[in-house]
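J.: Take a look at the following structure, please.
The values are calculated or read from the model by the stated rules, or taken from the named source; none is laboratory data. On a predicted model such as this, the values are computed, not experimentally measured, just so you know. Here Cβ is always computed from backbone atoms with ideal geometry, including for glycine, and neighbour counts include all displayed protein chains. The protein model used for the area step is the full one, side chains on, heavy atoms only, and it has no ligands, DNA or RNA in it. Shrake-Rupley method; radii C 1.70, N 1.55, O 1.52, S 1.80 Å.
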Amino acid sequence: MITLRFFLLFAVAIWLKPAIGQENIPAAPKGFDEVQEGASKGVIDTITYPSQTVGTTRKALIYLPPGYSETKKYPVLYLLHGIGGDEKEWFNNGSPQVIFDNLYAANKLKPMVVVLPNGRAMKDDRAEGDIFDSVKVQAFADFEQDLLHDLIPYIQKKYPVYTDRENRALAGLSMGGGQSLNFGLTNLDTFAWIGGFSSAPNTKSPEELVPDPSTLKDNLKLLWISCGDNDRLITFSKRLHDYLDRYKISHVYYVEPGGHDFKVWKNDLYLFSQRLFR
Ligand code: FER
């Protein structure tokens, strides 16, 4: 009887175990994005870097954590914006510096440098005019070259950061989520931590991104795919999630209440960033 009871318990446990990629993740607590008086503050600033790819000097934002010191060494998160934004989109709409300050105050974040680039790699990279124009959409794809060959080398020259893949993360929202999956999954020698928040139609097909699923098994530290349940773009996240599940590639698939907006992306940033570099 005992063995039967244990067998049944075991069977129920297996049955209840969430499928790969499904996790119950509690949302960010109230106040996670509000300035807390006691919390030490990091520094957020604009930087410029020369781009061979674009042929201009380009802007990015950088966030340095509280207690930042040139004598220490940091991993780096590159955090990308959406189709209507530029290097300031996260700063203007998502207060990432407040989210990070609060996470540091709660001892929930590994000290890291966060770089917020402009992901539209063209001479006029402002989010003006027809943001869906094919030339501008193409510039989001061209950013792969600027990121790999101009921005990352610049950051590594100017800041005390680690330069191995396990100390480099790439994540973004919408177009930036598509970029993160497209560039990240096809450059595993550069990125070990990848996050796509509400990834847009620029997300390549799973077969293009991951032609040989077995290559991901030992190579990824974290693959995070999230989307609001009311976002019509969820098909792009679900398509990749289903493919990864089929090949039993471990990843986080996090569907949360909400649409295509910063309420969702701030929650994603809060949850995703805590998992980095551990
Ligand atoms: C599209 C719908 C949405 C598209 C891009 C987006 C390029 C991007 C949205 C965003 O970044 O918020 O058809 O095509």
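J.: Name the single residue that is least open to solvent (accessible area, probe 1.4 Å) among those in the stretch 30-61 being charged (D, E, K, R) and assigned to a loop (DSSP other than H, G, I, E, B).
T.: Step one: list which residues in the stretch 30-61 are charged (D, E, K, R), which gives 30, 33-34, 37, 41, 45, 58-59.
Cutting the leftovers down to assigned to a loop (DSSP other than H, G, I, E, B) gives us 30, 33-34, 37, 41.
Values: K30: 196, D33: 44, E34: 102, E37: 167, K41: 101 Å².
Among them, the one singled out is D33.
J.: Among the residues of the stretch 140-156, is there at least one that is under 21 Å from A200 (Cβ atoms), among the hydrophobic types (A, V, I, L, M, F, W, C), open to solvent by 10 Å² or more (accessible area, probe 1.4 Å) and at pLDDT 95 or above?
T.: Checked against the condition, which is being under 21 Å from A200 (Cβ atoms), among the hydrophobic types (A, V, I, L, M, F, W, C), open to solvent by 10 Å² or more (accessible area, probe 1.4 Å) and at pLDDT 95 or above, the stretch 140-156 yields at least one hit.
J.: Within the stretch 228-259, how many residues are in contact with a strand residue (DSSP E or B) (Cβ under 6 Å, 6 or more places away or on another chain), hydroxyl-bearing (S, T, Y) and assigned to a helix (DSSP H, G or I)?
T.: The qualifying residues number 1.
J.: I need the full set of residues from the stretch 140-173 which are touching a Phe, Trp or Tyr at 6+ places or on another chain (Cβ under 7 Å) and polar (S, T, N, Q), in order please.
T.: Within the stretch 140-173, N167 is the sole residue that qualifies.
J.: Does L222 qualify as being modelled with pLDDT of 95 or more and either more than 16 Å from the ligand (Cβ to nearest atom) or farther than 23 Å from M112 by Cα (or both)?
T.: Numbers: modelled with pLDDT of 95 or more: yes; either more than 16 Å from the ligand (Cβ to nearest atom) or farther than 23 Å from M112 by Cα (or both): yes.
Spelling it out, L222 is indeed modelled with pLDDT of 95 or more and either more than 16 Å from the ligand (Cβ to nearest atom) or farther than 23 Å from M112 by Cα (or both).
J.: Which of (1) part of a loop (DSSP other than H, G, I, E, B); (2) surrounded by 14 or more Cβ atoms within 10 Å (Cβ to Cβ); (3) more than 15 Å from the ligand (Cβ to nearest atom); (4) of a type outside the set (G, A, S) is the odd one out, the single condition I131 does not satisfy?
T.: (3)
J.: Still on this model: May I ask you to say which residue of P211, P160, P153 is away from the ligand (no atom under 13 Å from the Cβ), touching a residue at least 40 places away in the same chain (Cβ under 8 Å) and more than 10 Å from the chain's Cα centre (by Cα)?
T.: One residue alone meets the criteria, P160.
J.: So is L77 buried (at least 20 other Cβ atoms within 10 Å of the Cβ), within 24 Å of T190 (Cα to Cα) and away from the ligand (no atom under 15 Å from the Cβ) or not?
T.: On the way: buried (at least 20 other Cβ atoms within 10 Å of the Cβ): yes; within 24 Å of T190 (Cα to Cα): yes; away from the ligand (no atom under 15 Å from the Cβ): yes.
In short, yes.
J.: I'd like the residue in the stretch 169-206 that is assigned to a helix (DSSP H, G or I) and more than 16 Å from the ligand (Cβ to nearest atom) and, out of all such residues, is surrounded by the fewest Cβ atoms within 10 Å (Cβ to Cβ). Steps first, answer last, please.
T.: Of the stretch 169-206, the ones assigned to a helix (DSSP H, G or I) are 175-185, 206.
From the residues that got through so far, the ones that are more than 16 Å from the ligand (Cβ to nearest atom) too are 184-185, 206.
Values: G184: 25, L185: 23, P206: 20.
Ranking the candidates gives P206 first.
J.: To continue, here is another question. Which ones in the stretch 239-278 are open to solvent by 60 Å² or more (accessible area, probe 1.4 Å), basic (K, R) and closer than 24 Å to L109 by Cβ?
T.: Selection gives K263, R275, R278.
J.: Is there a residue in the stretch 95-110 that is open to solvent by less than 50 Å² (accessible area, probe 1.4 Å), hydrophobic (A, V, I, L, M, F, W, C) and either closer than 22 Å to T203 by Cβ or assigned to a loop (DSSP other than H, G, I, E, B) (or both)? Quick ask: steps written out before the conclusion?
T.: As a first pass, look at the stretch 95-110 and keep what is open to solvent by less than 50 Å² (accessible area, probe 1.4 Å): 95-104, 109.
If we keep only those that are hydrophobic (A, V, I, L, M, F, W, C) as well, we get 98-100, 103, 109.
Subsequent filtering for residues that are either closer than 22 Å to T203 by Cβ or assigned to a loop (DSSP other than H, G, I, E, B) (or both) retains 109.
Yes, the stretch 95-110 contains at least one residue that is open to solvent by less than 50 Å² (accessible area, probe 1.4 Å), hydrophobic (A, V, I, L, M, F, W, C) and either closer than 22 Å to T203 by Cβ or assigned to a loop (DSSP other than H, G, I, E, B) (or both).
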